[in-house]
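The values are calculated or read from the model by the stated rules, or taken from the named source; none is laboratory data. What you see is a predicted model; the values in this text were computed from it and never measured. With ideal geometry, Cβ positions are generated from the backbone for all residues, glycine too; neighbour counts draw on all protein chains shown. We work out accessible area using only protein heavy atoms, side chains counted, and drop any ligands, DNA or RNA first. Shrake-Rupley method; radii C 1.70, N 1.55, O 1.52, S 1.80 Å.
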Amino acid sequence: MSSPDHVPAALPTALPTALPTAPPARPTPPALSTPPARSPILSIDRGEDESYEQYETAHSHAEPMLLWTSTATLTVSTAARDWLIPPGYGLWIPGGAEHAVAALREGEGSVITFAPDRCPITWTRPTGVPVGPLLLELIAHLHRTGPQDRSRPHAEALMFELLTPLPTHDIQVSMPADPRVRAIAERLIADPADQRELGAWADHVHAGVRTLSRLFLSETGLSFARWRTQVRIRAAVQLLSNGATVDAVARAVGYRKTSAFINAFRRATGQTPGTYIHEPPP
């Protein structure tokens, strides 16, 4: 048999003894731990049947604070004016502002104190704020969690985003200082539906009608009738936001006819009562 025309080259008899090795990996430096940001909230005090006795005497403090109520009704006296804080509202008090707090109706509320150098709100005067359902839940969440909780920075940022001054059309109620008209004011705030006119109130507080009329105008800037309307409309706003019907609210704040209530509401706010009705989610 003849030999083949082509003979393949011989295959290697063995593989290389070792493969080239990769350079050793550089050691990974340890991760630098970022210290958590310091919370702008120093404390949150809240509770049921808060008496606010520790705030009754006029005082001031370096830290700004937010005082709000969910069921209580408060008055806060400052150098410029007296504030009425009904349920669902709050008052921002800047550091250094002298104030005194009194409870017209005890209930649940909260006082949040902030660090002056870390608080993003820089309002220099006492400022009213609405406390809606979302802000209410955020404050409750912040009260439950500690400063090191991972959700705190996001919850705090949203809380500050929701803290907005009351709109210009919000109903402002000035509280008189004279004890005679103050007694009438407190009774009407507790029961806006009280139908007594100034003559009946004059007998109640042992003062003349003309004296009371003059005091209401000088101390609140409004006549007795207009001041009472402001109190009724502000109470109505809270009831409407809680889901009550316009008819029910009209009766609750002292109006026998719903049409009269709607007209008074529109004059005071520039809007109809239906604008303030809170529709619960399905």
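See the values below:
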read-out: Failed criterion for GLY254 (all others in (1) open to solvent by 50 Å² or more (accessible area, probe 1.4 Å); (2) farther than 30 Å from ARG125 by Cβ; (3) touching a residue at least 40 places away in the same chain (Cβ under 8 Å) hold); value: (1)
read-out: Verdict on GLY243 being open to solvent by less than 30 Å² (accessible area, probe 1.4 Å), in contact with a Pro (Cβ under 7 Å, 6 or more places away or on another chain) and not acidic (Asp, Glu); value: no
read-out: Condition check for VAL181: modelled with pLDDT of 85 or more, open to solvent by less than 40 Å² (accessible area, probe 1.4 Å), among the hydrophobic types (A, V, I, L, M, F, W, C) and over 30 Å from HIS206 (Cα atoms); value: no
read-out: Test: GLY199 is exposed (fewer than 13 other Cβ atoms within 10 Å of the Cβ) and closer than 18 Å to ASP82 by Cβ; value: no
read-out: Residue match in the stretch 225-240 (condition: more than 22 Å from LEU67 (Cα to Cα), hydroxyl-bearing (Ser, Thr, Tyr) and out of contact with any helix residue (DSSP H, G or I) (no Cβ under 8 Å at 6 or more places or on another chain)); value: no
read-out: Residue count for the stretch 114-139, restricted to those that are under 17 Å from ASP45 (Cα atoms), of a type outside the set (Phe, Trp, Tyr), open to solvent by less than 30 Å² (accessible area, probe 1.4 Å) and in contact (Cβ under 8 Å) with a residue 40 or more places away in the chain; value: 3
read-out: Hits in the stretch 71-93 (condition: surrounded by fewer than 19 Cβ atoms within 10 Å (Cβ to Cβ) and under 21 Å from HIS61 (Cα atoms)); value: SER77, THR78, ALA79, ALA80, ARG81
